[in-house]
Amino acid sequence: MLPPISSAPAYDELLDLRLLDNYDDAQLDELAFGVICLDDRGTIVKYNLAEARLARLDRSRVLGRDFFREVAPCTATPEFEGKFREFLGGREPRTSFPYVFDFKFGAQEVQVELVRASSSHGRRVFVCINRRKFRPPRPAFAAVQAPRQSELVPGEDALGVRRDDAEQRVVILPETALRALRLTWDRVAPQGWSLFAAEWGFRWGRLAVIDLDTELFETRDLGLRDLPLDEALELIRMHVENDGWGQLAIDVTSSAAITRGAAIVTLERSALAEASGESTVPRCQLIGGVVRAMLGHISQRQLAVREVRCAAQGAPRCEMIVVAHSRHAGLDAALESATDARGALALLEGASGPLPRAGDVLARLF
């Protein structure tokens, strides 16, 4: 496999593509590169989230369709379909080749890897697609460009279907729905909301990162972790705020954050807190999970997030602390005696020693 020529989504160097057959749909959705599983007729059996975002198609509308004729007619060529048929007839476990996908919104230079599924699934093939470079549409290939979602499934708006700019389906979730969810959960499993919401937010955040990375790769050939710190944090803030969850702030550069090896997260006008009403416990673990996933993606570290206090408890804003997962026990111990983020940080064992001296900071700047 040749190395990527840009920062576009690449195969994880630690991932053995031959193990994809053991992945369920949720695990495939957490991969940053496109994965399509085809049967021996070219029918789409699996289609992961990254591919749906990058191709701007809804996977629920492409499953069961002919990949080469209906979904990606630009691949019905000897250079792609021909290699697929040749691979089916051979015995090699995998093969790869470069290609150019033609979409109506632009062309994409890709590296394709075909990986044979296990014999238990018959003659299925995983098509792994690593984007290398994004280009404008190629007019000469207009006749074979992949269809837009609206062309693939016309008339959806009359069926109550809404889509975002990436042609992915969206629904409007009013605050009353959040309140109903929380009340139901409290009735069924009153002690389980924090664990459920934190895990839900974490899974949601890992999928949301693919959205952010996809947009960046298309427009700038960069990923979220390639950006300057301030810009990456700003994109996370905008993502949360644009969806109406509240005003988010993430502090990783103040002396309080640096010396304690922590991130300080605040959320004002939290939709979750307002939907919960008065509460004796924090209620914004869902957003904490989203932040945990996004910061973990950028840092490539497992993190732990704890909400110190919440607007649902009467606080002016929601406050959370993020640390490395290996330090979660220390954070939990600090929270037993703290009533706000400042107090918790004071009790948290420092990760970087004492406060930096002004002379040391200026010496690094100049």
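For residue 222 and residue 96, what is the calculated FRET efficiency with R₀ set at 22 Å and r taken between the beta-carbons, to the nearest 0.05?
Values: r = 24 Å, r/R0 = 1.10.
The value I calculate is 0.35.
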Can you tell me the mean projection area, over all orientations, of the convex hull of the range 133-252's alpha carbons? Units nm², please. 11.1
Calculate how steeply helix 285-299 sits against the longest principal axis of the alpha-carbon atoms of the chain, using the helix alpha-carbon long axis, and give the answer as 0 to 90 degrees to the nearest 10. 70
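List the trypsin sites (Lys or Arg not before Pro) within the range 36-122 that fall in a DSSP loop (any state other than H, G, I, E or B) and whose Cβ has at most 14 other Cβ atoms within 10 Å. Spell out each step's value before the answer.
On the way: sites: 41, 46, 53, 56, 59, 61, 65, 69, 83, 85, 91, 94, 104, 116; in loops: 41, 56, 65, 91, 104.
Listed in order of number, the matching sites are 41, 91, 104.
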Size of the range 170-347 as Cα extents on the principal axes (Å, biggest first): 47, 42, 26
With no solvent and one point on each alpha carbon, what is the Debye value of log10 I(q)/I(0) for the chain at q = 0.07, 0.08, 0.09, 0.14 Å⁻¹? -0.38, -0.50, -0.62, -1.18
Helix 193-220 versus the longest principal axis of the chain: what is the Cα-based angle in degrees, 0 to 90, to the nearest 10? 50
Most mobile of 205, 223, 42 in a GNM of the chain (Cα contacts under 10 Å): 42
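GluC sites (Glu not before Pro), restricted to the range 247-301: which are DSSP loop and have at most 13 other Cβ atoms within 10 Å?
Numbers: sites: 268, 274, 278; in loops: 278.
Qualifying residues, ordered by number: 278.
Which three semi-axes in whole Å describe the equivalent ellipsoid of the range 17-152, each the square root of 5 times a Cα gyration tensor eigenvalue, listed largest first? Write down the numbers at each step before the final one.
Working: eigenvalues 101, 54, 39 Å².
Here the semi-axes work out to 22, 16, 14 Å.
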Mean-square fluctuation maximum in Gaussian network of the chain, Cα pairs under 10 Å, restricted to 300, 145, 168, hits 300
Paramagnetic label zone (point 7 Å from Cα along Cα-to-C-beta, residue 231; backbone N under 12 Å) in the range 179-219: 216-217, 219
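Just so you know, all these numbers are worked out from the coordinates, no wet-lab data involved. Just so it is clear, the model here is predicted, and its values are computed rather than measured. Note that each Cβ is placed from the backbone with ideal geometry, even for glycine, and that neighbours are counted across all protein chains shown.
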